[in-house]
1. Please work out the FRET efficiency for the pair residue B:57 and residue A:98, using the Cβ-Cβ distance as r and a Förster radius of 60 Å; give the result to the nearest 0.05.
2. Tell me, in nm to one decimal, what length is gained between residue B:164 and residue B:217 on full extension, where the rule is 0.36 nm per residue of separation less the Cα-Cα distance?
3. Report for chain B the percent antiparallel among DSSP-assigned beta bridges with both residues inside it, nearest 5.
4. For labels at residue A:88 and residue B:150 in the simple 7 Å Cα→Cβ model, what's the distance in nm?
5. Relative to the longest principal Cα axis of chain B, at what angle does helix B:135-149 sit, 0 to 90 degrees, rounded to 10?
6. Is the shape of region A:103-146 rounded, prolate or oblate, going by the alpha carbon gyration tensor and its root eigenvalues a ≥ b ≥ c, with a/c under 1.5 for rounded and a/b larger than b/c for prolate?
7. Quick check: the angle from helix B:165-180's long axis to the longest principal axis of chain B, C-alpha only, nearest 10 degrees?
8. What is the antiparallel percent of DSSP beta bridges lying wholly in region A:4-349, to the nearest 5?
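Each value in this text was obtained by applying a stated rule to the coordinates, not by laboratory testing. Every value quoted in this text rests on a predicted model; they were computed, and no experiment measured them. Here Cβ is always computed from backbone atoms with ideal geometry, including for glycine, and neighbour counts include all displayed protein chains.
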């Protein structure tokens with residue numbers, strides 16, 4: 001691990017992408033511990049349920065919740081094969097987690113990772129032991145509850161060999177903590193012949209700053225799915241999660257965003273195809289409702305027979321919004337096959353009029369097409385239950401109808 | 001019977017070019033008229049003008065529907081007044097399921113969805129509208145949507161094109177049902193205007209009048225069977 005002095009220097013280092021946020025703007029401490037024993041009768045229940053976290057925990061294998069910088073709730077229904085605890089507890093139990101702590105994300109990457117490192121950020125630790133397939137999704141919830149403060153959590157997820165897990169992470173802001181910053185460092189390690197589906201659903205405030213930093217290392221013959229959904233207004237969000245693939249490993253990134261007025265969203269996925277026959281798919285569907293939307297996708301082909309496809313599709317629904325699609329393909333050897341498609345524009349007139357000729361008015365027609373466009377992007381690899389929840393969220397999303 | 005559709009000296013541009021150069025045509029309540037004519041003469045443009053698609057621009061003339069001037073009315077209002085259209089090549093609507101579209105466009109979704117098997121479309125309710133549909137599937141989907149909509153005039157753009165013989169039989173019978181569904185005592189109320197090259201659809205629905213369009217105008221009006229026979233024997237005389 002780097003020395004604190006080196007990391008301190010990185011506090012001045014701007015993020016590679018997105019608006020530079022001034023960490024000094026967030027001058028309130030957020031170290032209070034708020035325990036939530038009973039999720040169903042908690043004051044935070046509605047915030048959780050907005051982002052796919054079910055309070056009754058039916059068909060969930062467990063729940064871990066953070067309010068600001070401290071754990072609030074941790075429960076698991078799984079008798080064996082899975083551990084869920086705070087990272088601080090895991091560091092004690094596993095002697096510093098030397099193989100996993102700050103190995104998939106660099107502390108000196110930028111000011112946000114540096115801040116998390118220097119604050120010694122706590123987070124959730126999840127470990128699925130070799131040979132176990134966890135039936136129901138594990139849910140984690142990150143809630144911002146203190147205005148003008150920084151949540152700097154550091155999560156570690158380990159799925160060992162021949163194992164599988166689905167995770168649903170819901171992130172939200174309570175109404176009085178609109179102007180706060182969420183920094184979430186997540187390190188994900190997937191062993192050989194394993195799989196992890198990691199689905200993140202968000203509902204931030206109109207001024208919230210969001211800077212997640214996620215690194216995933218995927219072992220041989222394993223699969224990683226990363227679903228990222230944000231349909232509500234946010235202040236400034238920038239995220240570019242990266243995965244590194246071994247032989248015959250695969251990764252899928254699905255991103256679904258609506259950039260409302262005053263939202264500035266810059267997100268996507270980065271995959272290093274480092275293993276022979278590794279495969280990746282990066283899909284992004286986004287809509288600008290007057291906000292700024294940047295959809296990135298980047299693949300780096302470093303191994304023979306690697307394959308990848310990247311798709312960025314964006315619709316501008318309101319003037320005043322902007323959308324930028326940046327698909328990048330980089331290859332360092334001949335024997336790779338990578339393709340991309342990008343499309344930016346308005347909703348096609350012939351499609352609107354086709355639906356109008358069936359009796360829908362123009363707003364209904366646009367709304368139906370836009371919702372279809374969004375849910376069309378979520379078809380690949382989503383757990384059935386989450387897909388239903390997403391379709392519900394899309395049906396409720398404000399796209400001008 | 002009263003005039004369902006009346007087109008008066010209609011001039012229409014598309015892509016900066018004048019396509020319709022003064023079309024006059026009337027379809028009365030319960031009547032079926034067929035439109036013949038060589039490719040590019042303006043038949044599809046005429047139907048697009050009646051439906052109100054923005055690909056065309058009416059430069060002069062009038063379209064009256066049930067006595068109301070609809071020349072510049074939005075597409076959805078025309079649909080609500082009772083105009084229904086089967087396009088020859090409808091656009092793909094990605095992400096929108098056929099079943100959801102049907103539910104959104106009919107007052108009686110349950111019976112329409114239940115009817116889907118009669119159109120051999122029951123397995124298509126969760127499919128995206130028109131995406132990957134074959135020629136016959138598109139026509140059957142369009143007809144199921146029209147059945148949900150229950151229009152008073154049906155505009156059909158080449159209902160037989162790109163369809164195998166078995167499907168033509170099903171399509172022909174379903175178009176017949178649409179036109180004759182609310183007939184009372186032999187008196188029909190639903191009208192139609194049909195573009196056809198082969199005339200096959202007439203085996204199922206008959207036709208009261210035939211029109212031959214040439215270069216943006218109605219060149220001839222007559223008995224549809226006689227006109228078809230003449231076209232088969234002599235072509236369009238070009």
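1. Rounded to the nearest 0.05, the efficiency is 0.25.
2. 15.9 nm
3. Numbers: 27 of 44 bridges.
If I count the DSSP bridges inside chain B, around 60 percent turn out antiparallel.
4. 6.7 nm
5. So the inclination is approximately 90 degrees.
6. Taking the square roots of the gyration eigenvalues as a ≥ b ≥ c, region A:103-146 is oblate.
7. Once rounded, one gets 80 degrees.
8. 10 percent
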